[in-house]
Amino acid sequence: MKWLIRSPLLVLFLTLILVLTACSTGGLPSPSVSSQPTGTQPAIRAEDYAGLLELVAKASQNPSPYARRYYMAGADSDGRQNAEGSASQAGDNKDYSQTNIQVEGVDEADIIKTDGRYLYLIANNRLVVVDAADPAQLIVVFEQKINPYTEKEKTIVIETPSELFLDIAAQRLVLIVTGSVQERYFPEPEETKPSETKPEEPAPTEGTGSEGTAPDERPAESTGAAADRSIWYPYYNARSYTSVRIYDIGNPEAPELVRQFTQDGGYTSSRKVDTSLYVVSTRYQYRIYEARAEDLKPEEVFPSTCTDPSADTWTALPPDRITILPDGDLSNQTILSALDITADSAEPDLQSLLGSSGQVYASAGYLYIAAWQVTWSGKENSYPTYNTEIYRFKLAGAKVSEAGKGSVPGWIINQFSMDEHQGYFRIATTTGDTWSGSQNQAKNNLYVLDGSLNVVGKVTGLAPGVTIKSVRFMGSQAFVVTFRTVDPLFVIDLADPKAPKVLGELKIPGYSTYLHPYAENLLLGFGYDVLTEKEDRVFNLGLKVSLFDISDFNQPREVSTILLGGIGSYADVLYNHKNLLFSREKNLIAFPATLTARDADDPKTYRQPSYQGLLVLGLSADRQLVLRGHVTHFDKLGDPFGPEQPLSEKEMQAFFGHDAVYRAAWIGDTLLTLSGRQVRSASLDGFTALGKVELPGYDDVNQGYPYPYYRGIMVD
């Protein structure tokens, strides 16, 4: 395909490394026979090899100023949406919650899962299993600490469990760990004999630091045997990685590690379809940012894998699995792996992109990576052009392969800006500048791409001067929220992919950052209530949950709202859909939140915290949002609508730390809430407390680190 540069130079590069070195870290993959040099080809001299490495080094140091790709901040063959979310997936009648996902049949990792009896969760840098068979007698039956800080003579390994998958039928648990291995290099003192005279400008030597620093680059008075290397600050060369650890949970109370696989880069996102696991990581390769070509090695330049990061046995991906993107920053790399979680010995299938990283969306058949590209024309007083480059990969069981590339103007906010439906890919973007007074005014757009990822339909120019806050695709419709001073909810008809059109628009105060289907004709919005003053000054006054009636696409209506807390209130569900615990059958709309008191006379004034815990909403008989109940682990502030109360320093640490509820699940008629300190159980009918169990490690202030940290905050 035209967008892929499968450079034969990569094959020659790795072949030459294999020939010119007896061995390298972890060994090198064998190039394909068809790509190996033949007798009819000219011999490759050392100068040619050095020149190739020089190109790689220069490309990393000086990416084109006119086309750079950056990480997009904020990863269903027919694109059906999962309106049940955490309640259940289609076709099952399981009486327990599941992770709130975007696409039906495409599971997403989370920090808590349940099989209907046991809770599998991540807490305090541990994998923990809690037996919830008796809600009044919760029991921790298993814990495994992921050591966050392991120090060796020359390396430091830092690991944090990120998320997990649970496959009950396959009796497998997948733990995804984000790690970093840091190599420490101490400048060794130089022995100088009395009869020797040190030259004024010593000849360059092989560097011992992470960037090829020469040993002689240190104060002269520190040379000699008397120098103590313990007083020297070491150089660090860090390598981030994502580790996949698969456990057999045939006995849930004694999970057995049966497989471990590690790939380069920090954890970005993952998906699971049946027993096929897909993991995306992003690597920024500082090693080649300002490196000399002769210092580069394939396992340093290109994405690699290993079985033990601390052993430093990395193996570069095979050349045919490495794709270089035109004009990309080669140090910005994406790695995609696919493996069957039931095949304990099968090697994972891998693909990589050099020059790009971005947001991840996946259907049952394809995985998409959307990367932000900024292009400058170089002309004076010109504005940059923003584009989203879309890279598609075909998912076929435990195999993954490239399947096309597309491009649309603008940038996206998150994975919900993308969707696949009946062979078409839909994406909502914002173009232009978002700051006030810019002549390059922001506009919002929706594009429809065909199976070849060519644009075949579009709606452009929505809500000039504002930006997209949330998007939700539901079959042949798209719902887009934009905001600057009011919240326009657009309803876009996509029934004809080649002629999409806006059907309706609703302007209301506030805005929604996450939209969730409640039923076929009802849509939930989670966001903020706002106050708008002169010159379009906007204040987020507190949380707002809205219920929209979308039975008439031409006239959407906000039929109910509920306001929670005051200025400074926050809920993770606004930016992480996995925080929503939803079941229409159980009339359950629940999410953790931190609330501050609202001052009716001066709503812009920040007040003290008034509540932290799980809020449980539902619909009344007349379809009005109501607060059904709440569960807190910080008993001093137990009323979501209660007054503010001053807290001591210790109480503040508990309120924002180990007593803060950050997830929930349900089994049968029991609601289970999770904080760093404990799991609590309550009845779903009335939310009466039933039981609780303390979690291991919650009182470990440092969480295994050698420095005094409290949940990421340094303390005395």
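Structure notes:
- Restricted to strands (runs of 3 or more DSSP E) entirely inside the stretch 400-509, those with at least 3 residues that are under 30 Å from residue 276 (Cβ atoms) are 418-421, 424-431, 443-449, 467-474.
- The stretch 298-313, subset surrounded by fewer than 18 Cβ atoms within 10 Å (Cβ to Cβ) and modelled with pLDDT under 80, residue farthest from residue 151 (Cα to Cα): 307
- Checking each residue in the stretch 575-594 for being buried (at least 18 other Cβ atoms within 10 Å of the Cβ) and either in contact with a helix residue (DSSP H, G or I) (Cβ under 8 Å, 6 or more places away or on another chain) or under 18 Å from residue 511 (Cα atoms) (or both) picks out 577, 579, 580, 591, 592, 593, 594.
- A residue that is surrounded by fewer than 21 Cβ atoms within 10 Å (Cβ to Cβ), in contact with a Ser or Thr (Cβ under 6 Å, 6 or more places away or on another chain), within 21 Å of residue 662 (Cβ to Cβ) and not β-branched (Val, Ile, Thr) can be found somewhere in the stretch 124-146.
- Matching entry among 568, 542 (being within 29 Å of the chain's Cα centre (by Cα) and part of a loop (DSSP other than H, G, I, E, B)): 568
- Condition met for residue 645 (within 29 Å of the chain's Cα centre (by Cα) and either farther than 20 Å from residue 95 by Cβ or not assigned by TED's automatic domain parsing to the domain that holds residue 114 (or both)): no
- Scan of the stretch 595-637 for residues that are crowded, with 21+ Cβ neighbours inside 10 Å and assigned to a loop (DSSP other than H, G, I, E, B), ordered by number: 597, 598, 632, 633, 634, 637
- Residue in the stretch 638-652 that is among the hydrophobic types (A, V, I, L, M, F, W, C), out of contact with any helix residue (DSSP H, G or I) (no Cβ under 7 Å at 6 or more places or on another chain) and assigned to a strand (DSSP E or B) present: no
- Which listed residue is touching a Gly at 6+ places or on another chain (Cβ under 9 Å), surrounded by fewer than 16 Cβ atoms within 10 Å (Cβ to Cβ) and assigned by TED's automatic domain parsing to the domain that holds residue 627, from 554, 540: 554
- Residue in the stretch 361-384 that is β-branched (Val, Ile, Thr) and closer than 26 Å to residue 299 by Cα present: yes
- Only a single item in (1) surrounded by 13 or more Cβ atoms within 10 Å (Cβ to Cβ); (2) within 23 Å of residue 124 (Cα to Cα) is not met by residue 649, and it is number (1).
- Subset of the stretch 452-474 (residues that are small (Gly, Ala, Ser) and at pLDDT 95 or above): 452, 457, 470
- Flag if residue 337 is within 25 Å of residue 320 (Cβ to Cβ), within 23 Å of the chain's Cα centre (by Cα) and assigned to a loop (DSSP other than H, G, I, E, B): no
- Residue in the stretch 692-711 that is assigned to a strand (DSSP E or B) and at pLDDT below 90 present: yes
The values are calculated or read from the model by the stated rules, or taken from the named source; none is laboratory data. Because the structure is predicted, anything quoted here is derived from the model rather than measured. Positions of Cβ are backbone-derived with ideal geometry, glycine not excepted, and every protein chain shown enters the neighbour counts.
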